[in-house]
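Reading through the structure tokens given below for one structure.
Each value in this text was obtained by applying a stated rule to the coordinates, not by laboratory testing. Values in this document were obtained by computation on a predicted structure and should not be read as measured data. As a convention, Cβ positions derive from the backbone with ideal geometry for all residues, glycine included, and neighbour counts pool all protein chains shown.
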Amino acid sequence: MTGAEVLSVVMARIGTGSGVTSIHRELKGVLYDLSGRADFLTDEAAITTAAGQADYDEPAGLKRVYECHVEDGGPLEARTYRDYLRHAADPTRGAGEPGMYARRHGKLWLWPVPDGEYAVRVDYARYHPEVFEEIAFGPEFSEAIFEGVIAALYQGQLLEKLRLGEKRITSPAGAGDTDVLVYRFDGEFPEARRHAEAYEAEIAKLIANMEVDAEWVKVEYRDV
């Protein structure tokens, strides 16, 4: 699904008379929010080490590391950056195949410091990228995306279009005592609340579906 396809659905639901022509900001915010609610998006990346180099850039959009491991080897132990600093300060430290890693400053720190090239695989959860052509979420996320974008529009663009702020109407000049009518738009949108609640409900369903372990679902086949 693309941003243009989301815009088409959203415009069909809110009406072309809304004046909305772009949902780029709202869509980007919804995709990032969705990817932060649970580990909906996962990926794997490869890091090739170099002799004497401890730090390597994290994969783009990394949210949480499930596991790092050297190819054909066991998993690296997750430790703190302080543990790495203790290792780096140890004058007796040696180099070799990495056995531990820490995250800090957008980098993965490996130690023992590699003594050559190792292929390290990083299995991780990620955030949705800010720049994209195709939305990374599958079709089961469509309704959540639509509702999230519409809720964001009612809380942003559409709210600003209808917000009147404080207005004053006075009697015409020379009409004697001046009557002043003050009115303001209170910003309460039933539509905003309805779509925000629908968005949260869709997210709850998606998270619940994640928790279903298909391996435990047994299907019994019988001859009729």
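Using the count of nearby Cβ atoms within 10 Å as a rough guide to exposure, how do VAL131, VAL10 rank from fewest to most? Could the numbers behind the result be given before it?
On the way: VAL131 5, VAL10 21.
With the sparsest Cβ surroundings first, the list reads VAL131, VAL10.
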Requested in this report: Name the residues whose placed amide hydrogens come within less than 5 Å of the amide hydrogen of MET100, ignoring near sequence neighbours (fewer than 5 apart) on the same chain.
Outcome: GLU77, TRP111
Query raised in the report: What is the Cα centroid distance between the stretch 88-165 and the stretch 1-77, reported in whole angstrom?
Result: 6 Å
**Report entry** Long-range HN-HN contacts of HIS128 with modeled amide H, under 5 Å
**Finding:** SER35
Report summary line: Those trypsin sites (Lys or Arg not before Pro) from the stretch 75-112 that are DSSP loop and have at most 13 other Cβ neighbours within 10 Å turn out to be ARG93
Query raised in the report: What are the GluC sites (Glu not before Pro) within the stretch 47-127 that DSSP puts in a loop, where the Cβ has at most 10 other Cβ atoms within 10 Å?
Result: GLU71, GLU117
**Report entry** ³J(HN,Hα), Karplus 6.51/-1.76/1.60, whole Hz, each residue of the stretch 3-11, x for Gly, Pro
**Finding:** x, 5, 5, 5, 4, 4, 5, 4, 5
Requested in this report: State, as an integer percentage, the relative contact order of the stretch 1-143 based on alpha-carbon contacts under 8 Å between residues 6 or more apart.
Outcome: 35 percent
